[in-house]
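The values are calculated or read from the model by the stated rules, or taken from the named source; none is laboratory data. Quick caveat: nothing in here was measured; it's all calculated off a predicted structure. Here the Cβ positions follow ideal geometry from the backbone for every residue, glycine too, while neighbour counts run over all protein chains shown. With ligands, DNA and RNA removed, areas are computed over all heavy atoms of the protein, side chains included. Shrake-Rupley method; radii C 1.70, N 1.55, O 1.52, S 1.80 Å.
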Amino acid sequence: MSSINILQKIESLPPLPKTIIDIEEFRKRSDKEASDLLEIIEKDALIISTLLKISNSAMFGFRSKVETPGRAISLLGINFTISIAIGGTVQNLLMTSLTPYGINSDDFMRASNISSTLANLWLSKVNVDLKEEIILPALLQEIGKFILSDLLISEDKADEFKNKIASGVSIENAERDLLGFTTSEITAKIFKYWKLSDNLVDMIEFVDDVSKVSSEYKIKTQILDVIKTACSVNLPLSDENVANAISKASQYGLDTKILKKAIETLQDRLLDE
């Protein structure tokens, strides 16, 4: 039943706005220029508003106020700007109550932005090319929760879901037990429906079950799992979630020293919120 309902909900999603289609085409280009990206996003008032709001948040720590989209692109970089533009628009298209997860849409967007910022801080010291590839999926990988939340509410399973979480069951296992899917699988299905890049889909699809991922995407998916664990939507960067993330990173053979430093830097910035 849930499988059919999930497919129906995904297939009833509105199409991506032309601005996002243009950004996705721009993202695939090898010769990306900031001026071309600015020309695309200036047509969308929501993207500009979101970009300036996030640019001026404490997590980036810029010394002076960012007042124009051009300056935001200059400070954040092309790929980070793309991530914010796509992330904000996608969340707006999927706007649904997230009460089964104990959060609202602002909490979700904050956790998503913390995730992409952690990816930036961590991976910029590890591999710049990898960082550029991970920032977008780090921001978007939890989007499937909007569909799953809607389904939990419509099937009257929200209280049962919350009780499972309260009893210590992981969010992924609670999703799987009650709906048969986890967030990462649904996020991948949404992006397939919207015809976003296969690379994005393949990195995200098995974040909740890394054992299933192909060798080609294994390291990227492991990194996304670590980021998702640290920046869990209901308690991003809590002591418990950070400890679990570092434990996973160690198991995966990733550099935990740089990860810990990135987390500490981000936590310090967030104290100023």
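Couplings for the range 251-265, taken from phi via the Karplus curve 6.51 cos²θ - 1.76 cosθ + 1.60 with θ = phi - 60°, read 4, 7, x, 8, 6, 7, 5, 5, 4, 4, 5, 4, 5, 4, 4 Hz in order; Gly and Pro are left as x.
What's the carbon and sulfur percent of the range 1-81's accessible surface, probe 1.4 angstrom, rounded to a whole number? Exposed carbon and sulfur together represent 52 percent of the surface. In the full protein context, the chain carries 46 Å² of accessible surface per residue, based on a 1.4 Å probe and ignoring ligands, DNA and RNA. Can you send over the carbon and sulfur percentage of the accessible area for the range 136-273, probe radius 1.4 Å, protein chains only? Carbon plus sulfur share of accessible area: 45 percent.
Once the Cβ-Cβ distance of Lys260 and Arg29 is raised to the sixth power relative to R0 = 41 Å, the FRET efficiency obtained is 0.70. By the helix-only formula, in which each DSSP H run with n ≥ 4 contributes -39500 (n - 2.57) and the sum is divided by residues, the chain has a 222 nm mean residue ellipticity of -20500 deg cm²/dmol. Take every Cα pair under 8 Å whose residues are at least 6 apart in sequence, average their separation, divide by the length of the chain, and the relative contact order is 20 percent. Judged by the mean number of other Cβ atoms found within 10 Å, the most tightly packed of the peptides 163-171, 85-93, 127-135 leads the ranking 85-93, 127-135, 163-171. Using θ = phi - 60° in the Karplus curve 6.51 cos²θ - 1.76 cosθ + 1.60, the 3J(HN,Hα) couplings for the range 178-193 round to 8, 10, x, 9, 10, 4, 4, 5, 6, 4, 4, 5, 4, 6, 5, 4 Hz; x is entered for Gly and Pro.
Under the simplified labelling scheme, the Asn173-Ser238 pair shows an inter-label distance of 1.6 nm, with each label point 7 Å from Cα along Cα→Cβ.
Quick check on my link table: of Lys65/Lys220; Lys32/Lys53; Lys53/Lys220; Lys131/Lys157; Lys218/Lys260; Lys162/Lys248, which ones sit more than 27 Å apart, alpha carbon to alpha carbon? Pairs exceeding 27 Å: Lys65/Lys220; Lys53/Lys220; Lys131/Lys157.
Here the spin labels are modelled as points 7 Å beyond Cα on the Cα-Cβ line, and at Asn92 and Gln267 they lie 3.5 nm apart. The modelled label-to-label distance for the pair Lys218/Gln8, using points 7 Å beyond Cα in the direction of Cβ, is 4.1 nm.
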